[in-house]
Amino acid sequence: MCGIVGYTGKNEALPVVTGGLFALEYRGYDSSGVAVLCGGKTEIVKKTGKLENLMAALEKAQLKGTCGIGHTRWATHGEVTETNAHPHTVGKTVLVHNGIIENYVSVGKMTNTDFKSTTDTERACALFNELYERCGDGLQTITSACREFVGSYAFLVMFKDEPDIFYAVRNGCPLVVGTADGGFAACSDVAACDFGEYYKLSDGDVAKVTKDGISFFDKDGAPISKEALTPKKSFSAPDKCGFPHYMLKEMEEIPTVLKNTLEAHIKDGLPYFEGVEDEIFKNMNRLRIVGCGTAYHAGLVCEHISRRLTGIEGDIYIASEYRYSGHKLNKDDAVIFITQSGETADTLACIRMCRAQGAYTLGVVNVPTSTAVEECDGVILTHAGSEIAVASTKAYVTQLAALYLIVLKMSLVKGTLTEDEVRGLCGELLNGVCAESRLSDTDKITINRIAEKYSECRDMFYIGRGLDSVLCSEASLKLKEISYVHSEAYPSGELKHGTISLITEGVGVFAILTDERLYLKSIGNIEEAAARGGSVIALCKEGFCKDKNYDLIPCRISNDLFAPFAVAPRFQYFAYCMTIIKNLDPDKPRNLAKSVTVE
Ligand code: M6R
């Protein structure tokens, strides 16, 4: 989502700021802008669309100065226009903002400003300016203004008569400051700047960043000290490595990252999670899992597997619902939070809510430097490496791997499986499943051919039973988010309770069939859809559906329990092919952001 970068030091600010914006680009944005402070004046350039548009404008504008801020905006309040893009300026104040100021209407009314934009940010900027005009002190202005805001924010603020200085302040949105490029930088993601050492701001912290150093203050303006951190170079810089799209590269990496994740959490043949006591799993009498989007779908698979292997049922929650659900927890409860980025606003809010009630919070997280890693009591890292494409592919598969191991751990400590059984299943995961997740050239040709055939299809219904039915939710999300084909996921048997009225000639029916026990039931449901004109694709276990007139995507599955690892890469590749055939960009689908940092 929105990204912010700031720099002050002995070098020109613009290359550092725009370099940071490019590094944040993958998160998704629809406009961008920069401001450079020089000689008591600020110059601002903003553009809608890709960063290339901003760069072209900057070439003409030739902004010079050693203190500057920049922003990539993902519109929340107000449409995508240059006026609504950041930086915003009112009087002597110039700022960029991530997050949402919820009480922006009343904040705006506290000032006497003729607003140009429809954004909450300009209202906040006006309040900063009003207070600055009164006291003439940047730090005091920041702390006083922040007392008035309701909502989430990370701000970088410059005042025109405070040369070479910017302020950084946060509440609920990530923000780091540190040494970089012969000066000092601030950024919403530590990976986007080339930091020497850096400091993570906590909610309420203010950093005053000058060309000579950084000082930290609490929310009342009292000096505080912060611990210096060294960036972990665990994630390689974004690079397509010759692939036309990140999504394709990331799908290719699935067998490798799956192996990495499994190897990181299997020790002596059994599941192992460093820093997480066995007691946590022993005490889990109910599986509670929270996540959004793909992460939520991974949770649904986990619940299914848990029921099968441990007999323990679960409650899987969408984070934006869970946070306002009023669920009561106590210190004996544990909640699992799944998040690739570790920065999803709703998921973070749920972590805080559960911690406040004394429950144990266990994060299944991909980004090791993320807020979720910092805030959860225990963390199980997925080792997918950096995932740049908006559509989650390899991260989902590694989430599944970590969750399967959690269930196996539960089975072991609760005694629902013997040690030998768990060891056997861990071995199968490591040795068989990684291979089954790999797509051969023949697989790719088949899937691409089927995608060509269905490329004009406007509606696609994903259907399956049992475990296949929960996989359908993710398969459907993948298709709609990047190819813009309307799709829905249904348990096969549920179609005839209403939805089958939508199945007519030309409607796509994408069936997932991997479970021997449910095979005939599933076929019955597929036939009901086919009889009404639905064109059927069957992603199925090798040998299934041979006598049927379906478009087949067969896959080798040696153990039904592990079917998701063979099935997911195939439905992901199908969504990718549909998108490429439609000449759309799978890495940056419209309206979406990689990391959803507002609620
Ligand atoms: O970073 P997170 O795992 O917390 O993100 C959750 C969702 O926003 C994310 O999975 C989203 O649904 C993806 N775009 C799906 O491909």
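Observations on the model:
- When residues of segment 311-334 are limited to those that are within 15 Å of the ligand (Cβ to nearest atom) and among the aliphatic types (A, V, I, L, M), the one surrounded by the fewest Cβ atoms within 10 Å (Cβ to Cβ): 318
- Taken as a whole, the structure leaves residue 567 outside the set of residues that are under 29 Å from residue 346 (Cα atoms) and within 12 Å of the ligand (Cβ to nearest atom).
- Inspection of segment 484-495 finds a residue satisfying the criterion of being part of a loop (DSSP other than H, G, I, E, B) and either of a type in the set (A, V, I, L, M, F, W, C) or under 22 Å from residue 584 (Cβ atoms) (or both).
- Summed over segment 570-599, the residues that are outside any helix (DSSP H, G or I), away from the ligand (no atom under 11 Å from the Cβ) and over 30 Å from residue 172 (Cβ atoms) give a count of 4.
- Some residue of segment 508-521 being out of contact with any strand residue (DSSP E or B) (no Cβ under 9 Å at 6 or more places or on another chain) and within 24 Å of residue 452 (Cα to Cα): no
- Checked against the criterion of being of a type in the set (Ser, Thr, Tyr) and over 30 Å from residue 243 (Cα atoms), the candidates 386, 320, 392, 370 yield just one match: 320.
- Restricting segment 142-166 to residues that are surrounded by 24 or more Cβ atoms within 10 Å (Cβ to Cβ) and among the β-branched types (Val, Ile, Thr), the residue that is farthest from residue 122 (Cα to Cα): 142
For (1) of a type outside the set (Gly, Ala, Ser); (2) more than 16 Å from the ligand (Cβ to nearest atom); (3) not in a helix (DSSP H, G or I), each residue gets a yes or a no:
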{"residue": "386", "(1), (2), (3)": "no, no, yes"}
{"residue": "392", "(1), (2), (3)": "no, no, yes"}
{"residue": "413", "(1), (2), (3)": "yes, yes, no"}
{"residue": "444", "(1), (2), (3)": "yes, yes, no"}
{"residue": "469", "(1), (2), (3)": "no, yes, no"}
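- Leading residue by the ranking (farthest from residue 161 (Cα to Cα)) among those in segment 67-91 that are crowded, with 18+ Cβ neighbours inside 10 Å and in contact with a Lys or Arg (Cβ under 6 Å, 6 or more places away or on another chain): 85
- Qualifying residue in segment 539-557 (condition: within 16 Å of the ligand (Cβ to nearest atom) and of a type outside the set (Lys, Arg)): no
- Selection count, segment 547-599, where residues are in contact with a helix residue (DSSP H, G or I) (Cβ under 7 Å, 6 or more places away or on another chain) and of a type in the set (Lys, Arg): 4
- Residue list for segment 264-305, restricted to those being within 23 Å of residue 355 (Cβ to Cβ), more than 16 Å from the ligand (Cβ to nearest atom) and buried (at least 24 other Cβ atoms within 10 Å of the Cβ): 284, 287
- Restricting attention to segment 360-378 and to residues that are buried (at least 21 other Cβ atoms within 10 Å of the Cβ) and more than 16 Å from residue 200 (Cβ to Cβ), the residue that is farthest from the ligand (Cβ to nearest atom) turns out to be 360.
- Some residue of segment 18-26 being over 19 Å from residue 388 (Cα atoms) and either crowded, with 21+ Cβ neighbours inside 10 Å or assigned by TED's automatic domain parsing to the domain that holds residue 142 (or both): no
- Single residue of 327, 304 found to be within 25 Å of the chain's Cα centre (by Cα) and under 16 Å from residue 470 (Cα atoms): 304
- Filter result for residue 169 (assigned by TED's automatic domain parsing to the domain that holds residue 85, buried (at least 21 other Cβ atoms within 10 Å of the Cβ), within 21 Å of residue 10 (Cα to Cα) and of a type in the set (A, V, I, L, M)): no
- For segment 335-359, the tally of residues that are under 19 Å from residue 301 (Cβ atoms) and near the ligand (Cβ under 9 Å from one of its atoms) stands at 6.
- Among the residues making up segment 108-125, those that are touching a strand residue (DSSP E or B) at 6+ places or on another chain (Cβ under 9 Å) and surrounded by fewer than 24 Cβ atoms within 10 Å (Cβ to Cβ) are 111, 113, 115, 116, 117.
- Any hit, segment 268-282, residues being closer than 30 Å to residue 441 by Cβ and of a type outside the set (Lys, Arg): no
The values are calculated or read from the model by the stated rules, or taken from the named source; none is laboratory data. Keep in mind it's a predicted model, so treat the numbers as computed, not measured. Glycine gets a Cβ as well: all are built from the backbone with ideal geometry, and neighbour counts include every protein chain shown.
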